[in-house]
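The values are calculated or read from the model by the stated rules, or taken from the named source; none is laboratory data. As the structure is a prediction and not an experimental result, all values here were calculated from the model. Please note: Cβ atoms are built from the backbone with ideal geometry, for glycine as well, and neighbour counts cover all protein chains shown. Remember, those area values only see protein heavy atoms, side chains included, never the ligands or the DNA or RNA. Shrake-Rupley method; radii C 1.70, N 1.55, O 1.52, S 1.80 Å.
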Amino acid sequence: MQNQLLETVNQLPKSPGVYQYFDENSRLLYVGKAKNLFNRVRSYFAFSPKFGPKSNLSARIYKMITEVRSMEYLVVDTEHDALILENSLIKQLNPKYNILLRDDKTYPYLLIDHTAPFPRIELTRKIIKDKQFEYFGPFSTGARDIMDSIYELLPLVQKKSCVEGGKACLYYQIKKCLAPCEGKISSGEYQKIVKEATRYIKEKDRLIADIEKQMLRYAEELRFEEAKELRDRMQSIEKSRVSTPIDLAASHNYDIFAIALRNSKAVLVKLFMREGRVISNSFTPIRLGEAADVQELYYRAIVDYYTTHETIIPSEILTLETLEEKEALEELLSEHAGKKVTLNAPQKGDKRKVTELAYKNAVEQLDKELQKHRSEDELLEEIQRLFKLENRPDRIEVFDNSHLQGVAQVGAMICYENGSFDKSGYRLYHLEAQNEYEQMRETLSRRIESFSKNSPPDLWLLDGGKALLELARSLLHEAHIHIDVLAIAKEKVDAKAHRAKGKAKDIVSSKDEAFRLPTSDRRLQLLQKLRDEAHRSAINFHKKTKLKLDKESDLLSLSGIGPAKVKRLLNYFGSFESIKNASFEELRSIMNEKDANLIKKFYN
């Protein structure tokens with residue numbers, strides 16, 4: 001193997017590309033990019049007196065190179081292309097030694113469309129490059145509350161359809177709109193209200209003060225429900241406000257990145273500064289694998305955020321640390337932004353102060369994370385040791401399927417991270433497969449296909465036994481992705497699954513053995529809790545799907561298509577949506593002409 005590796009290294013082209021290192025079991029260890037593959041890869045190795053890792057490598061990289069037994073590479077046209085491909089492969093394949101950031105949040109903006117004669121404030125996550133579209137943000141929290149509060153305080157056009165209606169509506173009667181639809185206010189006068197709205201967006205202190213006045217008025221008028229709603233909005237906006245004595249020049253827009261690192265945890269802080277003021281911030285906890293490299297953390301954070309999320313990139317991005325490969329990053333960001341973007345690590349002045357403020361926030365958040373998750377981390381480490389997992393399962397995805405005699409087949413995936421269920425990571429699937437084994441295959445395959453958009457977790461947990469465990473492992477192996485897998489099967493009592501709370505002696509299967517843990521074991525209790533949440537999610541989705549199918553089936557029956565024919569249609573097409581979209585010829589292939597006509601008539 002070493003001879004083959006040496007031969008590959010010596011034959012590398014002097015071209016931009018991406019290289020991948022594998023261990024003796026063909027597991028992917030690392031994905032890297034290079035401006036010159038020949039020079040970059042050779043920089044890891046010493047060639048005399050014998051072939052092996054260089055002695056001056058960092059501890060993390062040295063350990064990795066000692067495990068490398070083979071490598072593959074892909075040649076691309078430019079270093080920029082290599083950077084994009086590298087990021088995509090890391091997110092999709094989750095290599096052992098790469099740092100993977102799971103920051104899938106897309107931050108919203110507030111938008112004013114100045115092409116409209118009477119513009120409104122809208123919440124959006126889509127960026128359109130047009131000077132007539134004015135964006136404010138991004139907001140990590142509180143954007144909707146800011147927008148709703150402005151509509152409460154100012155008589156803006158409340159709905160998109162209002163102006164088109166041509167007639168004053170209820171909003172005019174309750175004095176929340178000035179009826180531009182009936183010409184009761186000119187476009188010029190209306191623009192003054194829009195200008196006041198933009199001041200509220202930029203000056204949160206002023207907005208909060210005016211919300212409080214309105215809240216007190218409602219309370220005096222005994223309108224307590226409305227007062228409570230304003231109080232809740234005010235508190236949400238207050239949380240989103242970043243208190244800082246630093247105000248830069250009004251024309252300056254910056255995104256600021258800072259990372260605090262300790263032991264096996266890190267926290268990334270992003271501050272968004274617009275017109276010289278910090279308008280919002282974001283915290284991302286990071287679990288570190290094989291040692292830590294702060295340079296790669298910054299590199300991954302910047303690449304992932306600006307290439308994965310739709311966002312407005314400012315002309316200057318500030319970091320606490322000076323980045324070693326900033327030229328390639330600047331080229332990538334400039335292409336994405338359509339303008340020149342620079343990366344700067346200021347050493348003095350107000351810019352330095354604002355990066356230090358970001359770092360201070362990161363340290364404070366890291367202290368909270370370490371304190372909050374100490375007990376949870378210990379439990380996850382116990383699970384890792386017991387089941388001999390490669391990684392501590394900080395993020396777990398759990399799968400279950402549900403159906404009733406082959407009808408309304410659905411799959412559900414739930415996520416667990418940082419000690420709680422991550423509802424934003426939940427996924428529901430309509431399935432076509434008829435039996436549980438094939439349904440799980442379909443569910444897992446669809447999740448694997450989405451890894452390029454939503455990165456793999458540390459652990460998969462399946463509601464099932466050894467057969468489903470081996471199915472998952474084979475699917476991952478075919479996709480060249482390494483994830484630990486466990487399966488939890490309900491104990492059979494008299495040939496029936498035993499689910500009594502506190503007495504369920506479930507069997508947990510790993511790749512090596514099956515475990516029967518006592519019901520008091522907290523490791524088992526956590527896995528049961530996750531399995532039950534996936535089961536709940538699948539059952540609820542199944543019920544909704546079944547109800548919808550029953551209603552549609554009843555309507556078809558009333559049109560002359562009986563239950564037996566409906567079942568035949570579903571078995572062939574898989575869903576009512578597919579039946580609806582089927583051509584007359586497709587329907588005619590499994591039914592008589594009269595029935596095919598009835599179905600087309602029903603859906604038309």
* Whenever you get a sec, line up 270, 580, 50 from highest to lowest accessible area (probe 1.4 Å, protein heavy atoms). => 50, 580, 270
* To do: Report, in debye and to the nearest 20, how large the dipole of the chain comes out about its Cα centre when Lys and Arg carry +1 and Asp and Glu carry -1 on their Cβ.
  => 960
* To do: Compute the signed sum of charges (Lys and Arg +1, Asp and Glu -1) over the other residues within less than 10 Å, Cβ to Cβ, of residue 2.
  => +1
* Structure fact -> The local net charge around residue 233, scoring Lys/Arg +1 and Asp/Glu -1 for residues other than residue 233 whose Cβ lies under 14 Å from its Cβ, equals -3
* Asked: Using a ≥ b ≥ c from the Cα gyration tensor of segment 280-333 (square roots of the eigenvalues), is it rounded, prolate or oblate, where a/c under 1.5 gives rounded and otherwise the larger of a/b and b/c decides, a/b for prolate?
  -> oblate
* By its C-alpha gyration tensor, with a ≥ b ≥ c as the square roots of the eigenvalues, how is segment 154-245 shaped: rounded for a/c under 1.5, else prolate for a/b larger than b/c, else oblate? -> oblate
* Taking GluC sites (Glu not before Pro) that fall in a DSSP loop and have at most 16 other Cβ atoms within 10 Å as cut points, what is the longest piece of the chain between them? -> 25-202
* Asked: Using the Cβ atoms and a cut-off under 9 Å, what net charge is assigned to the surroundings of residue 379, where Lys and Arg are +1 and Asp and Glu are -1?
  -> -3
* **Calculated over the chain: convex hull of Cα atoms, volume per residue (Å³)** => 233
* **the chain, accessible area per residue, ligands and nucleic acids excluded (1.4 Å, Å²)** => 50
* Under a cut-off of 16 Å between alpha-carbon atoms, report the aspartates and glutamates in cross-link reach of residue 340, not counting same-chain residues fewer than 8 places apart. => 255, 316, 327, 330, 331
* To do: Please work out how much accessible surface residue 599 shows to a 1.4 Å probe, ignoring ligands, DNA and RNA, in Å² rounded to 10.
  => 0
* **174, 90, ranked by accessible area, largest first (probe 1.4 Å)** => 174, 90
* Structure fact -> Of the listed pairs 202/351; 565/600; 204/351; 129/175; 126/543; 466/546, those with alpha carbons more than 24 Å apart are 129/175; 126/543; 466/546
* Asked: Just how much of residue 422 is accessible, in Å², when a 1.4 Å probe is used and the result is rounded to the nearest 10?
  -> 40
* Asked: How big is Rg to Rh over segment 1-153, alpha-carbon atoms, Rh as the Kirkwood inverse-mean-distance radius?
  -> 1.25
* **Charge dipole (segment 352-421, unit charges on Cβ, about Cα centre) - positive-most of 416, 371, 389** => 371
* Structure fact -> Inverse of <1/r> over all distinct C-alpha pairs of segment 150-196, i.e. the Kirkwood Rh in Å, gives 10.6
* Compare 443, 124 by solvent-accessible area with a 1.4 Å probe and give them largest first, with all protein chains kept in place. => 124, 443
* For the chain, give the percent of accessible area contributed by carbon and sulfur heavy atoms, probe 1.4 Å, rounded to a whole number. => 48
* Structure fact -> Projected onto their principal axes, the Cα atoms of segment 308-456 stretch, largest extent first, over whole-Å spans of 69, 42, 24
* **log10 of Debye I(q)/I(0), alpha-carbon scatterers only, for segment 151-307 at 0.20 Å⁻¹** => -1.22
* Structure fact -> Under a 1.4 Å probe, counting only protein heavy atoms, residue 28 has an accessible area in Å², nearest 10, of 20
* 222 nm [θ] for the chain, helices only, -39500 (n - 2.57) per DSSP H run of 4+, per residue, to 500? -> -14500 deg cm²/dmol
